[in-house]
Amino acid sequence: MARVLTPRAEDFPRWYQDLINKARLADNGPVRGTMVIRPAGYAIWEHMQADMDARIKEAGAENAYFPLFIPESYLRREAEHVEGFSPELAVVTHAGGKQLAEPLVVRPTSETVIGEFMAKWVDSYRDLPLLLNQWANIVRWELRPRTFLRTTEFLWQEGHTAHISEENAKEYARLIHKTVYEEFMVEMLAIPVVPGRKTKGERFAGATNTMTVEAMMGDTKALQMGTSHELGQNFAKAFDITYTSQAGAVEHAWTTSWGTSTRMMGGLIMVHGDDNGLRLPPNIAPVQVQIMVVKAGEGVTEAAVKLRDELKAAGVRVKLDDRADVPFGRRAVDAELQGIPIRVEVGPRDLANGNAVVARRIDGTKSPVALAEVVAGVVSALKADQQRLYDDALSFREANTVEVKTLDEAIEAAQTGWARVPWAAVGPDGEKTANGKAVTVRCLTRPDGTMPDSDDEADLIAILARAY
C-alpha cells in the first residue's frame with residue numbers, strides 16, 4: 001500500500017493532521033480555530049451521538065435546547081465560574097447596528113442559562129430530579145487550536161440536573177460517569193480509560209467535585225475524554241434554584257453537570273490510527289464493510305450486490321463500491337485511510353474460484369473466503385477486531401505506565417508515558433511544580449483503580465502525564 005501519511009514515529013502531530021486531511025474527516029474553517037467537519041467525519045460523530053444519546057436517555061435525562069447567547073451578568077453570578085472561563089469567552093457588544101445595553105457571551109457552557117430556567121421550572125420537591133441534556137455547539141477562544149482536540153467552536157452534549165439532596169446528586173453524577181461515559185468509551189470506541197477524581201486545581205470552575213475518564217494517546221500523552229461534575233449548591237444559590245420540601249421548608253437544590261465533545265474524535269484517531277490511516281472500531285464505524293468490485297463483468301457486480309444484501313440482512317452496515325472506472329488501488333487506499341474495518345473484494349478471478357477476498361483493516365490480514373462463508377466470517381471478524389483494538393490500546397497503556405514513589409520520578413516518567421505515584425508524595429505544591437514542567441495530575445484513584453469519595457482518602461494514587 002502506497003505511503004500517503006507522515007509516519008507516526010517520525011512526527012506524531014503531522015501524522016495526525018495528515019490523517020484528518022487525507023481521510024477527509026475535517027478541514028479548517030475560515031475563522032482561526034474553527035473547523036468544518038466533512039461528511040466522513042460527521043458520520044462517525046453521528047454514530048457516537050446516537051449511542052451516547054440512548055445511554056443518556058436510559059439514565060432518565062431528557063433533551064432540551066437553550067440559547068447560544070447568554071447575558072454577561074448570568075456568568076458573573078457564580079464568581080468562580082466566570083473567573084475560570086474569562087480567558088476563553090467570546091463577547092458580543094454590538095448587534096443590529098447598535099451597541100448592546102448589556103454584552104452577550106457566546107456560551108462556553110450552559111450552567112448559568114440553564115440554572116436561570118431551572119429556578120423558574122422547579123417549585124416543589126415533586127419537580128425533582130430535573131434531568132436535562134442538550135446537544136449543541138460551544139465557543140471557547142483557543143490560543144493553540146488543533147482540529148477536534150481544541151477548537152474555538154466545537155460540538156458537544158452537556159447534561160444539567162437538579163436534585164433534592166447532595167446524596168442524590170452525587171449518585172446521578174456517578175451514574176452518568178460510569179454508564180454513559182466510561183462504558184461508551186470501552187464498549188463503542190474500544191478505548192480503555194482510567195476513571196478518576198480531578199484535583200482541586202483541575203476541577204471544573206464552580207464544581208465541588210469533577211470526575212474524569214482519561215485515555216492514553218498513541219504518543220503516550222493523556223486526553224480527557226469526558227467529565228461529570230458535582231456542583232453542590234453553588235449554582236442553586238447563585239440562581240435561586242429552590243424547592244418546597246415535603247415538610248414545607250424552602251430548600252436549595254443540589255445540581256450536577258456533565259459533558260463530552262468532538263474531542264472524542266481526536267481521541268479515536270490518536271488511540272487507534274496507524275501509518276495507513278484511521279482504524280475504526282466496528283461498533284462505531286458508519287460503514288463496517290465495503291464490498292469492492294475489482295473489475296466489472298463476468299457476473300462480478302451481481303455477486304457483489306448479492307453479498308451486500310446478505311450482509312445487510314445480517315445486521316452489518318455495508319456499502320457497495322462498484323466504481324470499476326476508478327483504479328482499484330486508489331479505492332483501497334481511501335478505504336484504509338478512512339478506517340473501514342473490512343473490505344470484501346470481488347473480481348472475475350475470485351468469482352471463478354467461488355471466492356471473495358476479505359481484507360481486515362484492524363489486523364492487516366487478507367485472505368480468500370468461499371462466497372457461502374463470507375457473511376459468517378465477516379460477522380465473526382467484526383467482533384474479534386473490536387476486541388483486538390481495545391486489547392492493543394490497553395497493552396500499550398500498560399507498557400507505558402510506570403509505578404514510582406517520588407514527584408521527581410513521576411515528572412521524569414511523564415516525559416515518555418504515564419506515572420502512578422502516591423498523591424501524598426505530590427500534593428497541591430507538587431502539582432504546581434509538575435505544572436511548571438508541562439506535566440499535570442490527570443486524576444486521583446484508589447490503589448485498586450476505583451473512584452475515591454474525596455481528595456482526603458488515605459493512599460490515593462495520582463496519575464501524572466503530559467496532556468492535550
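The values are calculated or read from the model by the stated rules, or taken from the named source; none is laboratory data. Keep in mind the model is a prediction, meaning the values are calculated, not measured. Cβ coordinates were reconstructed from backbone atoms using ideal geometry, including for glycine residues, and neighbour counts include every protein chain displayed. These area figures cover heavy atoms from the full protein model, side chains too; ligands, DNA and RNA do not enter into them. Shrake-Rupley method; radii C 1.70, N 1.55, O 1.52, S 1.80 Å.
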Suppose we keep only residues that are under 14 Å from GLY364 (Cα atoms) and surrounded by 24 or more Cβ atoms within 10 Å (Cβ to Cβ) within region 338-351. Which one would you say is farthest from the chain's Cα centre (by Cα)? VAL344
Between ASP391, ASP408, ASP448, ASP455, which is in contact (Cβ under 8 Å) with a residue 12 or more places away in the chain and of a type in the set (D, E, K, R)? ASP455
Could you give every pair whose Cβ atoms fall below 9 Å, whose first residue belongs to region 302-316 and is at positive phi, and whose second residue is open to solvent by less than 70 Å² (accessible area, probe 1.4 Å) and in a helix (DSSP H, G or I), counting only separations of at least 6 or pairs across chains? GLY315/VAL379
Considering each of PRO282, PRO286 in turn, give the residue that is in contact with a His (Cβ under 7 Å, 6 or more places away or on another chain) and assigned to a loop (DSSP other than H, G, I, E, B). PRO286
Close pairs (6 angstrom Cβ cut-off, 6 or more residues apart or separate chains): under 30 Å from ILE284 (Cβ atoms) in region 247-267, open to solvent by 10 Å² or more (accessible area, probe 1.4 Å) and assigned to a strand (DSSP E or B) anywhere: THR256/GLU230; SER257/HIS229; GLY259/TRP156; SER261/PHE154; SER261/TRP156; THR262/PHE154; THR262/LEU155
Have a look at ARG3, ARG32, ARG14, ARG77 and point out the one that is surrounded by fewer than 20 Cβ atoms within 10 Å (Cβ to Cβ), farther than 18 Å from MET264 by Cα, free of Cβ contacts under 8 Å to residues at least 12 places away in the same chain and not acidic (Asp, Glu). ARG14
Unmet requirement for LEU89, which otherwise passes all of (1) at pLDDT below 95; (2) over 22 Å from ARG144 (Cα atoms): (2)
Tell me yes or no: at least one residue of region 319-330 is among the small types (Gly, Ala, Ser) and over 26 Å from the mean Cα position of the chain (by Cα). yes
What is the one condition in (1) surrounded by fewer than 24 Cβ atoms within 10 Å (Cβ to Cβ); (2) farther than 30 Å from MET188 by Cα; (3) within 27 Å of the chain's Cα centre (by Cα) that ASP275 does not satisfy? (2)
Does at least one position in region 71-90 carry a residue that is under 29 Å from PHE328 (Cβ atoms) and hydrophobic (A, V, I, L, M, F, W, C)? no
Against the definition (within 24 Å of ALA136 (Cβ to Cβ), touching a Pro at 6+ places or on another chain (Cβ under 8 Å) and crowded, with 24+ Cβ neighbours inside 10 Å), how does MET225 come out, yes or no? no
Which ones in region 294-321 are touching a strand residue (DSSP E or B) at 6+ places or on another chain (Cβ under 6 Å), of a type in the set (Lys, Arg) and not in a helix (DSSP H, G or I)? LYS319
I need a count of the residues in region 430-468 that are farther than 15 Å from GLY201 by Cα, polar (S, T, N, Q) and crowded, with 16+ Cβ neighbours inside 10 Å. 1
Residue count, region 452-468, condition in contact with a strand residue (DSSP E or B) (Cβ under 6 Å, 6 or more places away or on another chain) and either over 17 Å from THR406 (Cβ atoms) or among the small types (Gly, Ala, Ser) (or both), comes to 5
Kindly indicate the residue of region 138-180 that is of a type in the set (Phe, Trp, Tyr) and more than 30 Å from SER454 (Cβ to Cβ) and also surrounded by the most Cβ atoms within 10 Å (Cβ to Cβ) among those meeting that condition. PHE148
Exactly one of LEU143, LEU131, LEU155, LEU149 is more than 17 Å from the chain's Cα centre (by Cα), more than 13 Å from PRO108 (Cβ to Cβ), at pLDDT 95 or above and of a type outside the set (D, E, K, R), and that residue is LEU131
Does ALA59 satisfy the condition of being closer than 22 Å to GLN134 by Cβ, over 21 Å from the mean Cα position of the chain (by Cα) and open to solvent by less than 50 Å² (accessible area, probe 1.4 Å)? no
Kindly establish whether THR416 is surrounded by fewer than 21 Cβ atoms within 10 Å (Cβ to Cβ), modelled with pLDDT of 95 or more, of a type in the set (S, T, N, Q) and within 13 Å of ILE463 (Cα to Cα). no
May I ask you to say which residue of ALA205, ALA285, ALA249 is at pLDDT below 95 and either within 20 Å of ASP392 (Cα to Cα) or surrounded by fewer than 24 Cβ atoms within 10 Å (Cβ to Cβ) (or both)? ALA205
Out of all the residues in region 304-326, is one or more under 30 Å from TRP135 (Cα atoms), in contact with a Gly (Cβ under 7 Å, 6 or more places away or on another chain) and not hydrophobic (A, V, I, L, M, F, W, C)? no
